[in-house]
Amino acid sequence: MDKETVATISYLARLRFDEDNKEKITKDLENIIEFVDQLESADTSDIEPLANPLEKTAKTRSDEITAENRKETFLENAPDSNEDYFLVPRVVE
Amino acid sequence: MSWETVIGLEVHVQLSTKTKLFSGASTGFGAEPNTQVDLVDLGLPGALPVVNKEAFYKAIRFGLATKAEINQVSMFDRKNYFYPDLPKGYQITQMEKPIVGMGSITIDVDGKEKLINITRAHLEEDAGKSIHDLFDGETGVDLNRAGTPLLEIVSEPEISNAKEAVAYFKAIHQLVTFLDICDGNMAQGSMRCDVNVSIKKAEDKELGTRAEIKNINSFKFIEKAINFEIARQIKLLEKGESVVQETRLYDSIKNETRSMRSKEAANDYRYFPEPDLLPVVILDKELEEIIEGLPELPKEKEKRFIDEHNLEVSEARILSSSKAMAELFEKASEKTKDSNLVAKWLVGDISALLNKDNISIEESKLSLENFVKLIERITDNTISGKIAKSLLEDVWETGNDVDNLIQEKGLVQIQDESVLEEIATKVIQSNEDQVAAYKSGKDRIFGFFVGQVMKETQGKANPKSVNDILKKLLG
Amino acid sequence: MSIQFKTIKELSLMLEKKDISNHELIEETFNLVEKYDKLNAFITLNKEKALEKAKALDNKSSDLALSGIPIAQKDLFVTKNLRTTCGSNILSNFIPPYSATVIENLESSGCISIGKTNMDEFAMGSSNETSFFGKVNNPWGANLVPGGSSGGSAAAVAAGIVPAATGTDTGGSIRQPASLCGITGIKPTYGRISRWGMIAFASSLDQAGPMARTVEDCAILMNQMCSHDSKDTTSLDEAIPDFTKNLDKEIKGKKIGIVKEFDLSKLDKNVVKVFEESKKHYESLGVEFIEVSLPNISLSVPTYYVVAPAECSSNLSRFDGVKYGKRCENPKDLEDLYIRSRSEGFGDEVKRRILIGAYVLSAGFYDAYYKKAQQVRRLIKNDFDDAFKKVDLIMTPTTRGPAFEAGSMSDPIEMYLEDLFTVPANLAGLPGISIPSGYVDNKPLGLQLIGNSLQEEQLLNVAHNFQKTTDWHLKTPDMEIKS
């Protein structure tokens, strides 16, 4: 774990740290990663990963419209919107 | 130096479910912005996805039709990235265990068949729509499309040129519309594709570096974009430069591809199993039901048309090219009991009109009912074939009723032989020179008399009767 | 008539006998909220609506199970038209357009939600110090932490303001604060209670549960909170029993496992003493103790600190300043909007976990961390499966010790080890309960019982028998903190 790695994952997570904090966060992450490195000690050959403790299968739904139009409520709650759209600063492609 | 092109296609097919992949919001096209958005589609905290089983059934139909393995236990994963039209900050897709595994499809290029293997087909949710040019300095986000089910069909890199790529895309288009799992509406974005293009030396085994052209949604543009890209890459290689692995955008106005230069390329999507969704299981019983409900596929139809109606391969291929065309052929044949005549018109004049207008049969104004009438009026000698041709053009433009048009325009064929004889006599009397020539042995001039009679009758005469009468009168 | 420290059962009886009106009860509850304002247990109050509902109940008799019972809701459950912050700045202005299933279930059974309780930001923390809305004080001591993340809920119940509160438990967030505040809290089997409307921290670990003064009240609440919910497809379809039915059943002959690998000698001797006394007490009730081995249990916390951050890093991506919640001032472009909204909106602990999560999922590290952790997770679950072949329940201390001083634990890993005894149940999806079992320096300490999957009834039964024969849960704090 170095500053460059922290910079990369910070960007992936869209987070930024000021210079003072960078040292600390790098150190913290280093310690945490070192702590979880204990996992190496387990023999996990041929062990199927467990993603969910339920180990059941999905319940599904039928193809029927159940949603109502809540446009006004949704747009009202947005930080920036007009009568039709959520708005963000212009994205240049 | 001889170069070889290697192309792979990722086709995104919008499945024609009523509701979204994970919510009960409508997938209908053209609604007012942000009116078809459920709590899940907005990515509200605490809202959870619930799988729409119908999307799975539709995906499985595709899998079965391409002789692919169906994964009866399949799973969803999350693909993480930030974009305003991706409300949750991740897209739910299938990475590890897609519903459809390896399959294949046969394409036709200039009458030659080629088998293209399909690596996989997986379900995923579509993103919303970002509108960049409507508001001053701002981008608008419409989430109506967010969560719409897509089937992403990934081909093996076995396509060798732009023509094959178009043929492949057309074959997928034909198949998904036959299967009734996609409306095939290209203009509404129901089918889009990403194209991977790379170039290598003919003798090299290793593939070259590829560029991905994103989001093309027309047959024409696929061909143009690929051809541009091939030329661009070869030019680079010939100059001794190398191709950069990147995502490019096709600009249809300038007819060129250009680098998107976004940081997307450097993104790390951090796929991992979607913890909000357990594995989706398709029971044997469900699978059997889907198999039973599978419609006849294009190739099977083509073969049957050849066998049952004694058609040429080329004719059968056109008649089975789309579901609507095949249906029109079969229904009209059944009603008129003259499948050969029906085929002749569909393959000939009607296909020509379709090509001219660049539309599909279901987009035309020709109804089954009207087409049947047209054929019947030919077989019952109400109108001549020639009249029928011009009548078809009229119907094509207006969609008006065939019988009404015949009445209105007085196109009924003249059956009364005495009337024809009268006209023929008049033609003979007023063309003495030609009569003399004919009698002196110039047989070929006979056609002139036929033409004159047809002209007098405005094409309404039965050509066979005219022939007989003229022969009799001219001796 | 005082309502402070009353149980649900007692309040129901008071209402039934008309010793107090519904309106008076709720009014009195808000008086207590105000009186113990310094606890900082609440982020948002629902006073007007709560009083309105109480009044309506006074006008029309109701036979609902929890008619008129005041309850505090952890601010992690979304509540329609009532601000829901999850303890975070980024949601400090968020008014949800819908309510969580848990909230709907409780309210439709007659409960009156009096407000939203303080919590560690996005449930990430074990001391309630990471809340954007300030730390919560433990009623048992002015500067003591209440535990976390359901610290506000635990403090509100411990202070006797409300008889019960909702909590959520991802790695111990119900049981640990229950232990530190001297109340009872149960985390049911994963999937027992719908997650619809619970703001996700780690989806495969999160589970809601009740926090109350007694096991019996927890059982009463479980009856209302559990439901089959088609909106959460990870929720269970299994039959939901009447959790109160077998509470009084005798527990003679029950086998309880003691985990060999948990070396209690490293704990404070007073803590060990409390645990040993609990064991003795259970023995007196006819319980047999058997040592069980959970060979991979020591890897629980490292496993948890891979799985939970991974899921949270993805779950928290939706908080981006675009659709709801807070957006930074004057973003100059989209990237700026994302980065500043999130950097200003999240606190340090949340950021730390998001980064850890992004790291363990990133290309090249996935197999070594995320996949490995999921494999170890299976090993841990297998260990429990084996153990439950021999015993009915497993017993551990809930926490390594009683409540600690705010600000005393600055090392993140030290804090993570607070979850040592509670995390395994989350990884394996098992039900766990914490009940008051004694005191160290006048600070309460909890006892944890872990049951096999779906065995909440047995868990509640064994825990209730403890409370029937002890009075640790009846002790109330002598609160120094007064307004």
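The values are calculated or read from the model by the stated rules, or taken from the named source; none is laboratory data. Nothing here was measured: the structure is a model prediction, and the numbers come from that model. As a convention, Cβ positions derive from the backbone with ideal geometry for all residues, glycine included, and neighbour counts pool all protein chains shown.
Side notes on the structure shown:
- Residue match in segment C:287-296 (condition: at the interface with another protein chain (Cβ under 9 Å from one of its Cβ atoms), under 28 Å from B:Asp77 (Cα atoms) and either touching an Asp or Glu at 6+ places or on another chain (Cβ under 6 Å) or outside any helix (DSSP H, G or I) (or both)): yes
- Residue count for segment B:272-289, restricted to those that are farther than 26 Å from C:Lys372 by Cβ and either of a type in the set (Phe, Trp, Tyr) or surrounded by fewer than 18 Cβ atoms within 10 Å (Cβ to Cβ) (or both): 8
- Annotation for segment A:74-85: no member residue is over 30 Å from B:His132 (Cα atoms) and of a type in the set (S, T, N, Q).
- Residue-level check: of (1) out of contact with any Gly (no Cβ under 6 Å at 6 or more places or on another chain); (2) touching a residue at least 24 places away in the same chain (Cβ under 8 Å); (3) surrounded by fewer than 13 Cβ atoms within 10 Å (Cβ to Cβ), B:Asn355 misses just (2).
- Applying the criterion of at least 2 residues that are among the aliphatic types (A, V, I, L, M) to the strands (runs of 3 or more DSSP E) found wholly in segment C:95-193 leaves C:112-117, C:164-169.
- Residue satisfying all of: in segment A:78-93; of a type in the set (D, E, K, R) and either assigned to a strand (DSSP E or B) or over 25 Å from the mean Cα position of the chain (by Cα) (or both); surrounded by the most Cβ atoms within 10 Å (Cβ to Cβ) among these: A:Asp84
- Checklist (1) away from chain A (no Cβ under 14 Å); (2) surrounded by fewer than 18 Cβ atoms within 10 Å (Cβ to Cβ); (3) assigned to a loop (DSSP other than H, G, I, E, B); (4) of a type outside the set (Val, Ile, Thr) applied to C:Phe243, failing item: (2)
- Scanning segment C:13-25 for residues that are in contact with a Gly (Cβ under 8 Å, 6 or more places away or on another chain) and of a type in the set (S, T, N, Q) yields a count of 1.
- Residues located in segment C:324-336, provided they are more than 29 Å from the chain's Cα centre (by Cα) and at the interface with chain B (Cβ under 9 Å from one of its Cβ atoms): C:Leu334, C:Glu335
- All strands (runs of 3 or more DSSP E) inside segment B:22-130 with 3 or more residues being within 14 Å of chain C (Cβ to nearest Cβ), within 30 Å of A:Glu83 (Cα to Cα) and at pLDDT 95 or above: B:90-93
- Conditions (1) at pLDDT 95 or above; (2) more than 10 Å from every other protein chain (Cβ to nearest Cβ); number of the one not met by C:Asp320: (2)
- Scope segment B:155-192; condition more than 17 Å from B:Arg61 (Cα to Cα), assigned to a loop (DSSP other than H, G, I, E, B) and hydrophobic (A, V, I, L, M, F, W, C); matching residues: B:Met186, B:Ala187
- Only one of the numbered conditions (1) buried (at least 19 other Cβ atoms within 10 Å of the Cβ); (2) within 19 Å of C:Tyr369 (Cβ to Cβ); (3) more than 8 Å from chain C (Cβ to nearest Cβ); (4) not β-branched (Val, Ile, Thr) is violated by A:Leu75, and that is (2).
- Filter pass, B:Gly189 being touching an Asp or Glu at 6+ places or on another chain (Cβ under 6 Å) and within 22 Å of B:Asn34 (Cβ to Cβ): no
- Scanning segment C:337-358 for residues that are aliphatic (A, V, I, L, M) and either more than 13 Å from chain B (Cβ to nearest Cβ) or touching a His at 6+ places or on another chain (Cβ under 9 Å) (or both) gives a single hit, C:Val350.
- One residue from C:Gly197, C:Gly182, C:Gly191 being at positive phi and more than 14 Å from chain B (Cβ to nearest Cβ): C:Gly182
- Residue that is modelled with the lowest pLDDT, among those in segment A:22-47 that are over 16 Å from C:Tyr369 (Cα atoms) and either in contact with a His (Cβ under 6 Å, 6 or more places away or on another chain) or surrounded by 14 or more Cβ atoms within 10 Å (Cβ to Cβ) (or both): A:Lys22
- Yes/no for C:Ile339 being touching a helix residue (DSSP H, G or I) at 6+ places or on another chain (Cβ under 9 Å) and modelled with pLDDT of 95 or more: yes
- Listed conditions (1) surrounded by 13 or more Cβ atoms within 10 Å (Cβ to Cβ); (2) at pLDDT 90 or above are all met by B:Ser322, apart from (2).
- Enumerated helices (runs of 4 or more DSSP H) restricted to segment B:243-324, each holding at least 2 residues that are under 24 Å from B:Met95 (Cα atoms): B:284-293
- The residue that is nearest to C:Pro295 (Cα to Cα), counting only those in segment C:356-365 that are aliphatic (A, V, I, L, M) and part of a helix (DSSP H, G or I), is C:Val360.
- Some residue of segment C:170-191 being hydroxyl-bearing (Ser, Thr, Tyr) and farther than 16 Å from C:Thr422 by Cα: no
- Residues satisfying the stated conditions in segment C:1-18, i.e. in contact (Cβ under 8 Å) with a residue 24 or more places away in the chain and at positive phi: C:Phe5
- Cβ pairs under 7 Å, 6+ apart, first in segment B:135-147 and facing chain A (nearest Cβ under 8 Å) and under 13 Å from B:Ala25 (Cβ atoms), second aliphatic (A, V, I, L, M) and buried (at least 21 other Cβ atoms within 10 Å of the Cβ): B:Leu143/B:Val37; B:Leu143/B:Leu42
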